[in-house]
Amino acid sequence: LTAGQLVLVQMDRADIRSELAQMVSRMDDFTGTATRVILLSNEDQAPSCSDADLATLRNRLFDNPVISDIARRADGAIVCTAMWGRLETPMALGPVTYQAPSGADVWTATRDAETRRTSPDMIGFSRTVVYLSETEIGSRVRDLAARHPAVIYSRGTGQIFRTVRIADAEVRRLLQSWVDVAGNDASPGTDRGTGGPGMAFAGDIDRPAAAGMTGGDGRGETTTVIADVERACSRWFDVCIAMPSAMVSILDQPPLVGAGIGLLGGMAGGGLGLFGALRQRRGRSVEAELRRALARGRLRLVYQPVVHVRTGRVIGAEALLRLTTPSGRDIPTEQVIAVGERVGLMGQIARYAVRTALAEFHPYLTGPSPLQLGINVTVADLIDPAFLTMLDAETARHGVSPDAVALEITERSTTDYARLAAAITTIRSHGYHIHIDDFGTGYSGLAHLTQLPVDVIKIDRLFTSAIGTDAVSASIVPQIFSMAATLGVDVVVEGIETEAQALHLAMYHPDACAQGWYYGAPVPVGEFRAG
Ligand SMILES: Nc1nc2c(ncn2[C@@H]2O[C@H](COP(=O)(O)O[C@H]3[C@@H](O)[C@H](n4cnc5c(=O)[nH]c(N)nc54)O[C@@H]3COP(=O)(O)O)[C@@H](O)[C@H]2O)c(=O)[nH]1
């Protein structure tokens, strides 16, 4: 086993402890705000869901950006919310994921593996349920955890609430077992748990689950193994955060390297207890494909028409990324974007998309009746001045007016709304448009939307799939339209698939624009028809 095959990444413990302390203090902020809002709302005098009650809840919502909605519950169902008003059909609350010692019910964020959509955390006590803003929490946690993976869990029960940059199910399971062993005896405050990783390590090292340490398939993949963990717990709430403080990356291992790693783990004992193996073969192969495709210009774009509902006229298009492997396998775009986000390639993807889209779609963006092209970018791109410089250069190069380009914000988080709002203002002053994508799933907090000077909101297909049915989510669509009218922004309805949905739109929202398979699937530029 040569030294070159093992890289030990030992992070600075002092750094990690200070980062943990900050994270715990942020968590205390969120939970403290949610608790205050719940207690205040429980004491309100007006009857639940009366006009006066909803008005009070709305004011409270505007004042608390970490909350994305405040709801009243009765008989295990949400009956009204500050954002959506009284629901015609109460929305049943699923089983709680955790009951805090205080008696509060907690539903933790769930992420749909298929759609990658995240539902927010909710905390309920008595008649009030607050929805924590996924955007706020996610971005602050991601901020602080930018350099480290982390797992957030209950000290009382060891239940994992959330993992940050720990995607592999196996590691989650192993962290869970570490939490089970070490979590219960952690003392409050930002001190290191006394259980220590060695305890879990002892049980895990020989298990087949540690297969990452047995050498893989010898094709030279990298395996990362978490070797040691630091953690800190809130003094006030039942929440702890654990971060790996040492990781071992095994590079280009020959088939028998695992034996060596096992030996190293054995020698290091509790101090460097190897207690988890990360196998990310699938993720890594998508990453490798993505990197190769970016380097060789093999990423493709397809274009989906956006139509004006009343006239049926194509008024624009959205550029959507496609990755096909040399062997002809299409990798789902959701997966490509997830990997791009995880490995920090989104900036490159956005630049690639801008250059490619303007180069191949520019004939539709110039001339007497230019279309408008939506290009997906992240918040990080919007606030990067170099991105705007590149965009200006590319539009000028292809003779495209900035007015024909809309940047669609796909990332569901931001670190700083004031900064994002300032960046949006600058970009719009150059003539570009800003669209909020997937409205209803991310930036849905009213308080946030009013801070962002955007041109269009695109209603997520999650809601439009219910159009014309009796589902609760269908009743949300008219409310989004009235909110958009109040804010003076236009609406694009996404995911229209059927004639019935299109007719419904034509009847009730004829001046909206829409997108979906009914009007046209995403196609390569050569197959795009504007007429
Ligand atoms: N940052 C970037 N994100 C990108 C880019 N290209 C795409 N994306 C985002 O990836 C997500 C998945 O996109 P995709 O698989 O392309 O799916 C899009 C459409 O194909 C699909 N669609 C369109 N019409 C319908 C429909 O009628 N029914 C239905 N079930 N699906 C439909 O929806 C996706 C469009 O989503 P949106 O962007 O929200 O309008 C997606 O989140 C993309 O945003 C990229 O270059 N950069």
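Just so it is clear, none of the values below were taken in a lab; they were calculated from the coordinates. Predicted model, so just to flag it, every value in this text is computed and none were measured. Every residue, glycine among them, receives a Cβ derived from its backbone with ideal geometry; neighbour counts consider all protein chains shown.
For Tyr519, Tyr131, what ranking results if the residue with the fewest other Cβ atoms within 10 Å of its Cβ goes first?
Tyr519, Tyr131
So between Arg292 and Leu320, what do we pick up on full extension, going 0.36 nm a residue minus the alpha carbon distance?
The Arg292-Leu320 span can extend by a further 8.2 nm.
What ranking do Leu39, Leu391, Leu301 get, fewest neighbouring Cβ atoms within 10 angstrom at the top?
By the 10 Å Cβ count, ascending: Leu39, Leu301, Leu391.
Evaluate segment 18-63: find the radius of gyration of its Cα atoms, find its Kirkwood radius, and give the ratio Rg to Rh.
Ratio value, two decimals: 1.19.
Can you run phi through the Karplus equation (6.51, -1.76, 1.60; θ = phi - 60°) for segment 488-503 and list ³J(HN,Hα) in whole Hz, with x for Gly and Pro?
Each residue's phi maps through the Karplus curve to give x, 10, 7, 10, 10, 9, 8, x, 6, 10, 10, 5, 4, 5, 5, 5 Hz.
Please arrange Ile457, Ile496 by counting, for each residue, the other beta carbons lying within 10 Å of its beta carbon, fewest first.
Least crowded to most crowded, the residues run Ile496, Ile457.
Quick one: if you stick a label point 7 Å off each Cα along the C-beta vector at Gln335 and Leu39, how many nm between them?
Simple spin-label model gives 4.9 nm for this pair.
At a 10 angstrom cut-off on C-beta neighbours, averaged per residue, how do the peptides 350-358, 85-93 rank from highest to lowest?
350-358, 85-93
Each residue of segment 51-58 in turn: what ³J(HN,Hα) in whole Hz from Karplus with 6.51, -1.76, 1.60 and θ = phi - 60°, glycine and Pro shown as x?
3J(HN,Hα) across segment 51-58, in whole Hz: 4, 5, 5, 5, 5, 5, 4, 5.
I want to check the label-to-label distance for Val523 and Glu499. Put each point 7 Å from Cα in the C-beta direction and report it in nm to one decimal.
With each label placed 7 Å out from Cα toward Cβ, I get 2.0 nm.
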